[in-house]
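The values are calculated or read from the model by the stated rules, or taken from the named source; none is laboratory data. Keep in mind it's a predicted model, so treat the numbers as computed, not measured. Glycine also receives a Cβ, built like all others from the backbone with ideal geometry; neighbour counts cover every protein chain displayed.
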Amino acid sequence: MPTTIARTDGRALSPRDGAGDIRAPQRRTRTLATIGVNHALHDGYTDLIYVLLPVWQAEFGLGYVALALLRSLYVGALAGLQMPATALARVLGARIVLVLGTLLGAGGYALAGTSGGLVGLCVALVLSGAGSSTQHPLASAVIARTYGTGARGPLGTYNFAGDLGKAALPALAGLLLTHADWRFVLWLAAGLGGVVAFGVATLLPREPLPREEPPARAQAVAPGGPSTGRSGFGLLVAVGMLDNAARPAFLVYLPFLLQEKGAALTTVGVAFGLAAVGGALGKAVFGRLGERFGVTRCVILSEMGTAVAILLVIALPLAPALAVLPLLGVMLNGTSSVLYGTVPELAPHGRVERAFAVFYTWTLGGSALATPLLYGPLGDVLGPKGAAVAAAATALAVVPIMLRLSPHLARAR
């Protein structure tokens, strides 16, 4: 018997009908591949900032608080506009909003490349972050609805693709910065964004994201019931906020930790590539491990591993520290893949798009605020090593909250 899929107007579509054939294997693969490439670009844009921090410190004479604020301008715009982007997608459609967001993200970096001073750079980072705000909630919801109850694995693949971008763009930028001005590097990044935007416009199906969520489908997504979803989802967001705070709190200071060990700028770019390759592997592996061994065990393992790996990078000389970075990347990013796959299970009232938007808003927004307000001052007072130790402590703080979340996960299943 052919399956049917609910339309936004309440009627049923067969898999051969218009948007209904989104569940055909070929179109599922195309959707995941297109969104994965878009994710790689935007995550690459985000981590590109880390490699540029030492350059901007030297050019503009900035302290650690100011450097953390530069990153937070980008991430703050990214976080704060998640829900407006979701609302806009209900009017224009997910594909159009994703294309416009990618163009805006690329345009922001192009503007940064033409800026002559710090103010122009700040404005450009805000614009680029605003463009990237469209990507996470819409793309995650598209995958969740495309794959239904089997979405946890594809969501892990989607996050794996993002880390490929984190591995490629910062490493490439670190290499180019030894031969070219940083503004030229940003123009190249902007041109790449234009190419990806064209690909999304061409390859992504017309309306993979429904404009409204059918109640019957929402109930299928949240078997634990509304009350279980609300309380469990709040704890899930708290875990995500701490996890997202620990990652940039360490990565902001990684270039300076490595420079203290004698690393050149090219080596810093390679270091971020090593961490991102490990992160990509972590997201791919932990997404599957979460299905097999449970979310609680995987999250606790990744957070404890993150803390240990951070301390090793701080203590070891340059070469061994570089060798630890792939393992650190596995642990540092493993949690996020497990958490993203859990959002549909705990979405209050089964409202998946809104749940993803709320999750990304709070987790990324918390990171954007914590980095300049907490970890930036710690860097100025204690130095990069002290701030990195605080990042390790933040990762460990996830463990007790995860233990409280565990019963809600059991009920949701």
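Among the residues here, T361 does not qualify as in contact (Cβ under 8 Å) with a residue 12 or more places away in the chain, within 15 Å of V398 (Cβ to Cβ) and in contact with a helix residue (DSSP H, G or I) (Cβ under 9 Å, 6 or more places away or on another chain).
When T46 is tested against (1) without any contact (Cβ under 8 Å) to a residue 40 or more places away in the chain; (2) under 22 Å from L265 (Cα atoms); (3) of a type in the set (V, I, T), only condition (1) is not met.
Within region 1-45, track down each residue that is in contact with a helix residue (DSSP H, G or I) (Cβ under 7 Å, 6 or more places away or on another chain), modelled with pLDDT of 50 or more and of a type in the set (V, I, T). T31, T34, I35, V37, listed by residue number.
Residues in region 199-217 that are more than 30 Å from V270 (Cβ to Cβ) and assigned to a helix (DSSP H, G or I) were compared, and the one that is modelled with the lowest pLDDT is A216. Looking at region 364-381, can you tell me whether even one residue there is touching a Phe, Trp or Tyr at 6+ places or on another chain (Cβ under 9 Å) and of a type in the set (D, E, K, R)? For region 364-381, residues touching a Phe, Trp or Tyr at 6+ places or on another chain (Cβ under 9 Å) and of a type in the set (D, E, K, R): present. Within region 55-64, being part of a helix (DSSP H, G or I) and surrounded by fewer than 19 Cβ atoms within 10 Å (Cβ to Cβ) holds for V55, W56, Q57, A58, E59, F60. Quickly run through region 252-273 and pick out the residues that are touching a residue at least 60 places away in the same chain (Cβ under 8 Å), aliphatic (A, V, I, L, M), surrounded by 22 or more Cβ atoms within 10 Å (Cβ to Cβ) and part of a helix (DSSP H, G or I). Selection gives L254, L257, L258, V268.
Restricted to helices (runs of 4 or more DSSP H) entirely inside region 72-190, those with at least 2 residues that are at pLDDT 85 or above and surrounded by fewer than 24 Cβ atoms within 10 Å (Cβ to Cβ) are 82-92, 94-114, 118-132, 152-176. On inspection, L281 does not qualify as surrounded by fewer than 24 Cβ atoms within 10 Å (Cβ to Cβ) and modelled with pLDDT of 90 or more.
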